[in-house]
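Some notes on the structure that comes next.
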Amino acid sequence: MICTEARSGSNFLCQLLESTGVLGRPLEYFNGEGRRKFDFPDYPDDPQAQLAAILEYGAGPNGVFGFKLFSRQADRVSATRWAERLPGLRFIHLERLDYLGQAISAEIGLQTGVHRSYAPKTSEVTPRFDREKIAERMRSAARGQARWRLFFARNGISPLYLTYEGLSADPAAAVRAVVDLMGIEGPVVIDPAKVRVAIQRDDVNEAWRQRFLKEAGDLTAPESLGAHSGRALVRDGATLIKQRLGLWAKA
């Protein structure tokens, strides 16, 4: 299982693993729209049917299966009890350390409709810089990765940790780490012909990065991740103390 967030290199990792022929066919099986667009025209939206698809489509000849999941998708499919019903799960945590690059990539992909390097363009829209949307996508990525860390901690899981940056620099090393995680013996070879994903960054990404840093850079305090951080935590804590003091006074 690949636990990650969007634009973290997960498509690249999935294609690398599938190309070996012994590490299953990991895909985003809890994404009906995506599977119908890229793989299976009649793919279902029902989470129970999607769970069954992981074992049917996600497994290779040796029985090893794989899938990837974003934290927001886990919320939607929690009722399937996927972790209990998928046998022998071993976990990979994939993170992109460059949250700004991740956010810019996500925003450009959303505006243009192109989320993979080989996907056809759905429009001729020229992406427009939006500082607030990029900032929120950075926060969203950080929240998602924090949720996965808490998920691992709560369940006593020590996942294989991979980064987008390490994966990009040495794909073979990442694959070897997954081979070791799965306990597969013998030589495992990546088939480059089956890996179609390529880096999409261009001059637009870099221009947006520099503009964002110039307009939104702030060294006064750590970034807030949402309503329950920073000042909100102080306010909520003060409210809780007052409530408890009131209860003690009544007692």
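Return a yes/no flag: does the range 157-178 have any residue that is in contact (Cβ under 8 Å) with a residue 40 or more places away in the chain, in a helix (DSSP H, G or I) and farther than 23 Å from GLN145 by Cβ. Within the range 157-178 (the criterion being in contact (Cβ under 8 Å) with a residue 40 or more places away in the chain, in a helix (DSSP H, G or I) and farther than 23 Å from GLN145 by Cβ), the answer is no, since none of the residues qualifies. When VAL64 is tested against (1) over 18 Å from the mean Cα position of the chain (by Cα); (2) among the aliphatic types (A, V, I, L, M); (3) surrounded by fewer than 17 Cβ atoms within 10 Å (Cβ to Cβ), exactly one condition is not met: (3). Only one of the listed residues (ILE54, ILE92, ILE157, ILE134) is modelled with pLDDT of 95 or more, over 17 Å from the mean Cα position of the chain (by Cα) and buried (at least 19 other Cβ atoms within 10 Å of the Cβ). That residue is ILE54. Determine if the range 66-80 includes at least one residue that is in contact with an Asp or Glu (Cβ under 7 Å, 6 or more places away or on another chain) and charged (D, E, K, R). Yes; the residues of the range 66-80 include at least one that is in contact with an Asp or Glu (Cβ under 7 Å, 6 or more places away or on another chain) and charged (D, E, K, R).
The C-beta contact set for the range 44-73 (first residue under 19 Å from LEU181 (Cα atoms) and in contact (Cβ under 8 Å) with a residue 60 or more places away in the chain, second residue crowded, with 18+ Cβ neighbours inside 10 Å and polar (S, T, N, Q), distance under 9 angstrom, 6+ apart or interchain) comprises LYS68/THR4; LYS68/SER10; LYS68/ASN11; LEU69/THR4.
Scanning the range 78-89 for residues that are surrounded by fewer than 17 Cβ atoms within 10 Å (Cβ to Cβ) and hydrophobic (A, V, I, L, M, F, W, C) yields ALA79, ALA83, LEU86, LEU89.
Consider ILE104 carefully, then state whether it is surrounded by 14 or more Cβ atoms within 10 Å (Cβ to Cβ), of a type in the set (Val, Ile, Thr), at pLDDT 95 or above and assigned to a helix (DSSP H, G or I). Please lay out each step first, then the result.
Numbers: surrounded by 14 or more Cβ atoms within 10 Å (Cβ to Cβ): yes; of a type in the set (Val, Ile, Thr): yes; at pLDDT 95 or above: yes; assigned to a helix (DSSP H, G or I): yes.
For ILE104, the condition - surrounded by 14 or more Cβ atoms within 10 Å (Cβ to Cβ), of a type in the set (Val, Ile, Thr), at pLDDT 95 or above and assigned to a helix (DSSP H, G or I) - is met.
The values are calculated or read from the model by the stated rules, or taken from the named source; none is laboratory data. Keep in mind it's a predicted model, so treat the numbers as computed, not measured. Neighbour counts are summed over all protein chains in view; Cβ atoms, including those assigned to glycine, are modelled from backbone coordinates with ideal geometry.
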